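One structure is given here, and the rest of the page talks about it.
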Amino acid sequence: MSTSTTAPRGTSAPGETDRGGGLGTPPDLRTSHSRGFGPGFVVKLLLMALINAFGLFGVLAAWAAGSWGILAFLLVALVVADLVYFLPARRILPAKYL
């Protein structure tokens with residue numbers, strides 16, 4: 001009969017440190033790789049800057065033309081887009097894919 005020396009997921013064996021992310025670890029304590037300033041974040045930041053630049057251009061054009069409905073829609077859309085992509089709340093995560 002053999003004895004297993006591996007610890008269950010989410011727990012650490014004696015002398016080892018638990019890095020989180022196991023099945024027994026609560027979701028808030030799991031390590032996340034999406035919070036760094038890696039290339040993905042830089043691309044997202046650049047794309048959102050481009051969207052905000054075009055949105056600001058649209059806001060200024062709507063203001064010059066006196067199209068108040070379009071101006072209000074663009075302002076609300078820009079604020080919502082920025083909140084969805086930059087707030088760390090998990091409950092708005094599905095909105096990123098709309």
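The values are calculated or read from the model by the stated rules, or taken from the named source; none is laboratory data. Because the structure is predicted, anything quoted here is derived from the model rather than measured. Neighbour counts are summed over all protein chains in view; Cβ atoms, including those assigned to glycine, are modelled from backbone coordinates with ideal geometry.
Go through segment 55-98 and give me each residue that's in contact with a helix residue (DSSP H, G or I) (Cβ under 9 Å, 6 or more places away or on another chain), farther than 19 Å from LYS44 by Cα and not in a helix (DSSP H, G or I).
SER67, the sole residue that qualifies.
Out of (1) in a helix (DSSP H, G or I); (2) at pLDDT below 70; (3) small (Gly, Ala, Ser), the odd one out for GLY21 is which?
If we test GLY21 against (1) in a helix (DSSP H, G or I); (2) at pLDDT below 70; (3) small (Gly, Ala, Ser), just (1) comes out false.
Taking PHE37 as the residue in question, decide whether it is assigned to a helix (DSSP H, G or I) and aromatic (Phe, Trp, Tyr).
So PHE37 does not fit the description; no.
Rundown of residues vs (1) at pLDDT 90 or above; (2) over 20 Å from the mean Cα position of the chain (by Cα); (3) surrounded by 14 or more Cβ atoms within 10 Å (Cβ to Cβ), yes/no style:
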site: LEU45; (1), (2), (3): no, no, no
site: ALA53; (1), (2), (3): yes, yes, no
site: LEU56; (1), (2), (3): yes, yes, no
site: ALA64; (1), (2), (3): yes, yes, no
site: TRP68; (1), (2), (3): yes, yes, no
site: LEU75; (1), (2), (3): yes, yes, yes
site: ALA89; (1), (2), (3): no, no, no
site: ILE92; (1), (2), (3): no, no, no
site: LYS96; (1), (2), (3): no, no, no
